[in-house]
1. Look at Leu354 and say whether it is open to solvent by less than 30 Å² (accessible area, probe 1.4 Å) and modelled with pLDDT of 95 or more.
2. When the stretch 38-91 is examined, which residues are found to be modelled with pLDDT of 85 or more, open to solvent by less than 20 Å² (accessible area, probe 1.4 Å) and assigned to a loop (DSSP other than H, G, I, E, B)?
3. Regarding Ala189, is this residue buried (at least 23 other Cβ atoms within 10 Å of the Cβ), modelled with pLDDT of 95 or more and not in a strand (DSSP E or B)?
4. If we keep just the residues of the stretch 231-264 that are under 20 Å from Arg215 (Cα atoms) and either assigned to a helix (DSSP H, G or I) or aliphatic (A, V, I, L, M) (or both), which is farthest from the ligand (Cβ to nearest atom)?
5. Taking into account only those residues within the stretch 397-414 that are touching a residue at least 24 places away in the same chain (Cβ under 8 Å) and hydrophobic (A, V, I, L, M, F, W, C), which is most open to solvent (accessible area, probe 1.4 Å)?
6. Given the conditions (1) in contact with a Leu (Cβ under 8 Å, 6 or more places away or on another chain); (2) open to solvent by less than 10 Å² (accessible area, probe 1.4 Å); (3) of a type outside the set (Lys, Arg), report the number of the one that Ala288 does not fulfil.
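The values are calculated or read from the model by the stated rules, or taken from the named source; none is laboratory data. As the structure is a computational prediction, the values presented were derived from the model and not from experiment. Cβ sites come from the backbone with ideal geometry, for glycine too, and all protein chains shown count toward neighbours. These accessible areas exclude ligands, DNA and RNA; they are computed on the full protein's heavy atoms, side chains included. Shrake-Rupley method; radii C 1.70, N 1.55, O 1.52, S 1.80 Å.
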Amino acid sequence: MSQALPTGGRISAPHLADLLGCWRDGPNRAQSADLAAALRLLVLEGRLPAGTRLPAERELAQALNLSRTTVTAMLDRLREQDLIASRRGAGSWITLPGKEFGPQGFTSLPEDETINLAQATPAAPAELAAAVDAARLRLPGYLSGPGYAPMGLPVLRERIAERYTRRGLPTGPDQVMITSGAQHALALALRLLVMPGQRVLLENPTYPNAVDGIRAAHAQPVPVAMAPDGWDLPGIEATLRQVAPRLAYLIPDFQNPTGLRLSTQGREQLAAALRRTRTLALVDETLAELDLDGDPVDGPPPLAAFAEGLVLTAGSASKMLWGGLRLGWLRGPVELIRQLAGVRASIDLGSSVLDQLVLTELLTDPEPLLARRRAHFATARDVLVDALRARLPAWTVRRPAGGLSLWCELDGPISTRLAAAAINHGLHLVPGPRFGVNGGLERWLRLSFAQEPAVLTEAANRLARAAATLTGATDDLLAVT
Ligand SMILES: Cc1ncc(COP(=O)(O)O)c(C=O)c1O
């Protein structure tokens, strides 16, 4: 074999077994095929990066409670698909996937027509091009300076502050710093506020990259289960008291992945619990502008309005406008914002001036644009909900009031197997366990509706076909979910 040796890390057999989740498609089927499909899914999602060395066959067989022959057959399959390479004495490793993979490890849409319901990230609005032109004309006003602004451009901070004030949270520009997206904002906040070993409370299910960020900061995630229709506020308060986390990471507005929104009364209760336990909250408002049944200005005020001083809010341009701008922000007490800007010096020194000018243009009179986008996504949501209810009547498909995805309850613990099967039907899914702080959630599937309605109708057809290929055999799986 002419493959170069891998440069990636090694994954342990128990960890790989955890990541694989419920991959079995019943005791009597070709288990090596099911296992290969589940492992392929992990590669597609980027959860097993290229170069990762796989455990020895014997260890993997033991961790998965399988015969070594099954594991060998699985590796043979993956080798045939060019997903792994092996060398005697060096074992097997994930190879750099070929052209079918996009930059994030997802199969790219235009080339192979796979539909991606895994990513809840919309295309840019048509207005973006005009905003770029206008920003270009403003750029000369900035060219004589250094271009570094750790807090962000004052004019953009003003726009963001105005938006918070309109939503019922009076805010000055000195309470806002611009970041390179909400994910960057979370990383900055974790860097400043959380020491290794400290605990961070979060909702379960939740946004997986936040969990990864918390783990990367060597902090300990403490999940509190969401109730079927919202937040278990007594459970959150009891955990705040008993575990005394350093931080609570919360998504009260169109929670990712459930799509739920915390009511005004719930916000009052949650804020009171934060005050009583003197806990700082990091509130992720990435989806807050995507109120699909109304105007967010008329919705419940931001959580910070109920616990000013204890809440640091992260926001983003990615969902309401475009992820490619890579812009977000943090809003909080002036002193805390200054400290966060200080932390930034060791990371990236500031966000792109030109992109900030583009966002400033888009936020100068944002109402018509935002209203049109909300209406567009509401239509997309309804198309997908209706198609799923018609094609998969045994599933429970709720219509969320906002956000960009549906959180569907399946008719069995099949999420991982379904995502693996869907690849063969030209559909990229992210299975429910990805949203569980410690896995689980095999009965759940998050489906993004950030696509054109016609694509969503076709996606529902493909999903129904993929689901039909799964044989019953769920009884033995119940034991492991
Ligand atoms: C809840 C939540 N927070 C943060 C992010 C990341 O946003 P950004 O693109 O601004 O980094 C996402 C993106 O999916 C998200 O859903």
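1. It is false that Leu354 is open to solvent by less than 30 Å² (accessible area, probe 1.4 Å) and modelled with pLDDT of 95 or more.
2. Listed by number, the residues that qualify are Leu54, Pro55.
3. Yes, satisfied.
4. Once the filter is applied, the top-ranked residue is Ala244.
5. Selected residue: Ala401.
6. Of everything listed in (1) in contact with a Leu (Cβ under 8 Å, 6 or more places away or on another chain); (2) open to solvent by less than 10 Å² (accessible area, probe 1.4 Å); (3) of a type outside the set (Lys, Arg), Ala288 misses just condition (1).
Residues are listed down the side, and each one gets a yes or a no for (1) under 19 Å from Leu303 (Cβ atoms); (2) touching a strand residue (DSSP E or B) at 6+ places or on another chain (Cβ under 6 Å); (3) without any contact (Cβ under 8 Å) to a residue 40 or more places away in the chain:
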residue	(1), (2), (3)
Gly147	no, no, no
Thr165	yes, no, yes
Gln183	no, no, no
Leu201	yes, yes, no
Asn209	no, no, yes
Gly213	no, no, yes
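Quick grid of which residues meet (1) modelled with pLDDT under 95; (2) within 21 Å of Leu190 (Cβ to Cβ); (3) acidic (Asp, Glu); (4) within 16 Å of the ligand (Cβ to nearest atom):
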site	(1), (2), (3), (4)
Ala271	no, no, no, no
Ala307	no, yes, no, no
Leu310	no, yes, no, no
Leu330	no, yes, no, yes
